[in-house]
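The values are calculated or read from the model by the stated rules, or taken from the named source; none is laboratory data. Note that the structure is a prediction, hence the values are computed from the model and not measured. Virtual Cβ from ideal backbone geometry, glycine too; neighbours counted across all protein chains shown. What goes into the accessible areas is simple: the full protein's heavy atoms, side chains included, and nothing from ligands, DNA or RNA. Shrake-Rupley method; radii C 1.70, N 1.55, O 1.52, S 1.80 Å.
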Amino acid sequence: MKNKSRRDFLIKTGYGLGGLGGLAVTGLIPGGGVIASALADDAGLQALAGANPLAPKAPHFPAKAKTVIWLHMAGAPSTLDLYDYKPELVKRAGTGIPASFLQGIKTSTQGGITKLIATKRTWKQHGQSGAWFSDWLPNLAEHADDLAFIKSSVTIGATHDISIMKLNSGGLNPGRPTLGAWVQYALGSANPNLPAYVVLYNDKREPRGGVTNWESGFLPAVYQGTPFRPGNSPILHLNNPEYLAAAEKRHALDLLKRLNEKHGSRYPEDSELKARAESYELAYRMQETAPEAVDYSKESDATKALYGLNDELTKPYGELLLRARRLAERGVRFIQVVSGPTDIKGDSRDWDAHQNIEDNHGKHSKIVDKPIAGLLKDLKAKGLLDSTLVVWTSEFGRTPWSESGDGRDHNPWGYTQWIAGGGIKAGYTHGGTDELGVQALKGAEVDTYDLHATILNQLGLDHLKLIYKYQGRSERPTVVYGKVIKELIA
């Protein structure tokens, strides 16, 4: 065995690619390595070794959308205070919640179920659709007829880490691919000079959960999202080290490529080298294209103002959304934008308003309202909204009762999300919640799996046919669940 590699040993002893009856098996090696195979024969393995994992691929059927801009409202806003007007909650404020509203759910709150609290907002219907908005979202309200509301959203779990994981990957445990990774795996890249899956956030630290928000899971590592930091240099290590000439860098990459190809020819079943070589080449190409893609300095003053860049409070999030539009223009398929934390200190760093919801949501609503409205208006003006899905989402909603007297607890049983563009029925509202905003109406529930299935559908992908073989199991994005919400489709 001394002349044989460990991989040869695993294959011949049945734990490798050839030991499972020729199934296409892929697994993630700890530390970022990848093993992958097609049918376990020489022709299949050679074809795989020569394939570009990021090459454009055809969808299952004609797509209505090309790009997804996924707006995650980190910390979970209270949609009872934004979109879901409940006169009965105002009427019953200060009283206990009737037991009938809690039937079928198990609460596990930090402060217990206390008295109901009403929102202090003023409400108005907008547009021909008559959608309700509170006075916290005056700019977004102007786009009422562009949005399709999902007012019966549900999820599993009521802790941020678990529910964020489910929101992004459909799973409750680490290791599953996120939705953006599935999209990149299924469709490849539309622009070879930029990542197909980009993550934007506006804090000095990574969002809660870090890489689990954009991981590739059991898919090859090449499909993982690429995080861009806030600021003028959003991509780490993009520039060459000082005193390294461009020609030297190119010669070094060419040498590395030749060495990888020579080594790879001995192990055609191993796609790890292919994936890593592709990442080196992508990084090299990005040195020319990425700085321009995220540089909004040449945008007009009117466009910058549209996104709120002329206001210190809205500028950080507005920069993210302006960059998102620029990336969408350049063919990036999945752009995940995580709101907050901000420079606001204490409990108001994100939407997690267990206390003082008036101050918390007042600030965060202002941070996102104008930039999101600006994004929709800009996409529409440029003719991009028809081919771009904008998704406003969160890990869960918040309860109609107070945890502390002036805040709200977590609510996974009924809350609001919305979608715009990309063949979605504008001005439509799906489902609703009960009179107090506790639970989604029976029969109208939309789980994360259903949201994912609907988004994939608009990209031309059948979530039931999007299969990846892993450890002998046919895996798909929605696990064994999910249905397309046909009522949302124009």
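Residues in the stretch 192-211 that are among the aliphatic types (A, V, I, L, M) and buried (at least 19 other Cβ atoms within 10 Å of the Cβ): Leu194, Ala196, Val198, Val199, Leu200. If you go through the stretch 374-414 and pick out every residue that is among the aromatic types (Phe, Trp, Tyr) and either open to solvent by 10 Å² or more (accessible area, probe 1.4 Å) or under 21 Å from Asn139 (Cα atoms) (or both), you end up with 2.
Hey, does the stretch 45-52 have a residue that's in a helix (DSSP H, G or I), modelled with pLDDT of 95 or more, of a type in the set (S, T, N, Q) and farther than 26 Å from Gly331 by Cα? So far as the stretch 45-52 goes, no, none of its residues is in a helix (DSSP H, G or I), modelled with pLDDT of 95 or more, of a type in the set (S, T, N, Q) and farther than 26 Å from Gly331 by Cα. Against the conditions (1) free of Cβ contacts under 8 Å to residues at least 40 places away in the same chain; (2) open to solvent by 30 Å² or more (accessible area, probe 1.4 Å); (3) assigned to a helix (DSSP H, G or I), Tyr296 satisfies every one except (3).
Scanning the stretch 450-475 for residues that are modelled with pLDDT under 95 and among the basic types (Lys, Arg) gives Lys469, Arg473. On the stretch given as the stretch 119-135, residues that are open to solvent by less than 30 Å² (accessible area, probe 1.4 Å) and under 20 Å from His364 (Cβ atoms) total 3. Going residue by residue through the stretch 315-322, is there one that turns out to be within 30 Å of Leu461 (Cα to Cα), open to solvent by 50 Å² or more (accessible area, probe 1.4 Å) and either part of a helix (DSSP H, G or I) or of a type in the set (Val, Ile, Thr) (or both)? Within the stretch 315-322 (the criterion being within 30 Å of Leu461 (Cα to Cα), open to solvent by 50 Å² or more (accessible area, probe 1.4 Å) and either part of a helix (DSSP H, G or I) or of a type in the set (Val, Ile, Thr) (or both)), the answer is no, since none of the residues qualifies. Remark: pairs (first residue in the stretch 122-139, more than 20 Å from Pro371 (Cα to Cα) and at pLDDT 95 or above; second residue aromatic (Phe, Trp, Tyr) and assigned to a loop (DSSP other than H, G, I, E, B); Cβ separation under 7 Å; 6+ apart in sequence or on different chains) = Trp123/Tyr85. Scanning the stretch 435-449 turns up at least one residue that is farther than 28 Å from Ser216 by Cα, open to solvent by 10 Å² or more (accessible area, probe 1.4 Å), at pLDDT 95 or above and touching a Lys or Arg at 6+ places or on another chain (Cβ under 8 Å). Every test in (1) open to solvent by less than 40 Å² (accessible area, probe 1.4 Å); (2) farther than 30 Å from Lys115 by Cβ is passed by Glu487 save one, and that test is (1). Residue count for the stretch 155-169, restricted to those that are within 19 Å of His430 (Cα to Cα) and surrounded by fewer than 21 Cβ atoms within 10 Å (Cβ to Cβ): 0. Considering the stretch 385-441 alone, what residues qualify as being within 21 Å of Ile113 (Cβ to Cβ), outside any strand (DSSP E or B) and either of a type in the set (D, E, K, R) or touching a His at 6+ places or on another chain (Cβ under 8 Å) (or both)? Once the filter is applied, which keeps residues that are within 21 Å of Ile113 (Cβ to Cβ), outside any strand (DSSP E or B) and either of a type in the set (D, E, K, R) or touching a His at 6+ places or on another chain (Cβ under 8 Å) (or both), the stretch 385-441 yields Glu395, Phe396, Glu403, Ser404, Asp406, Gly407, Asp434, Glu435. Taken together, Trp413, Trp401 contain a single residue that is of a type in the set (A, V, I, L, M, F, W, C), at pLDDT below 95 and over 20 Å from the mean Cα position of the chain (by Cα), which is Trp401. Condition (residue is open to solvent by 60 Å² or more (accessible area, probe 1.4 Å), of a type in the set (Asp, Glu) and modelled with pLDDT of 70 or more) applied to the stretch 271-289: is it met by at least one residue? Checking the stretch 271-289: not a single residue is open to solvent by 60 Å² or more (accessible area, probe 1.4 Å), of a type in the set (Asp, Glu) and modelled with pLDDT of 70 or more.
Cβ separations smaller than 8 Å between residues 6+ apart or across chains give the following pairs from the stretch 189-201 residues that are under 13 Å from Pro53 (Cα atoms) to residues that are hydroxyl-bearing (Ser, Thr, Tyr) and in a loop (DSSP other than H, G, I, E, B): Pro195/Ser189; Ala196/Ser189. For Gly231, the criteria (1) touching a residue at least 12 places away in the same chain (Cβ under 8 Å); (2) in a loop (DSSP other than H, G, I, E, B) hold in every case but one, which is (1).
For the stretch 285-340, a residue qualifies if it is hydrophobic (A, V, I, L, M, F, W, C), in contact with a His (Cβ under 8 Å, 6 or more places away or on another chain) and over 16 Å from Gly374 (Cα atoms), and exactly one does: Val338.
Among the residues of the stretch 351-364, those identified as within 20 Å of the chain's Cα centre (by Cα) and open to solvent by less than 10 Å² (accessible area, probe 1.4 Å) are Trp351, His364.
The test for being of a type outside the set (Ser, Thr, Tyr), at pLDDT 95 or above and open to solvent by less than 80 Å² (accessible area, probe 1.4 Å) holds for Pro87.
Within the stretch 53-79, the set of residues being open to solvent by less than 10 Å² (accessible area, probe 1.4 Å), farther than 21 Å from Leu376 by Cβ and modelled with pLDDT of 95 or more comprises Ala76, Ser78.
Among the numbered conditions (1) at pLDDT below 85; (2) closer than 30 Å to Thr159 by Cα; (3) among the basic types (Lys, Arg), the only one that Arg208 does not meet is (1).
Confirm whether Thr454 is buried (at least 17 other Cβ atoms within 10 Å of the Cβ) and part of a loop (DSSP other than H, G, I, E, B). Spelling it out, it is not the case that Thr454 is buried (at least 17 other Cβ atoms within 10 Å of the Cβ) and part of a loop (DSSP other than H, G, I, E, B).
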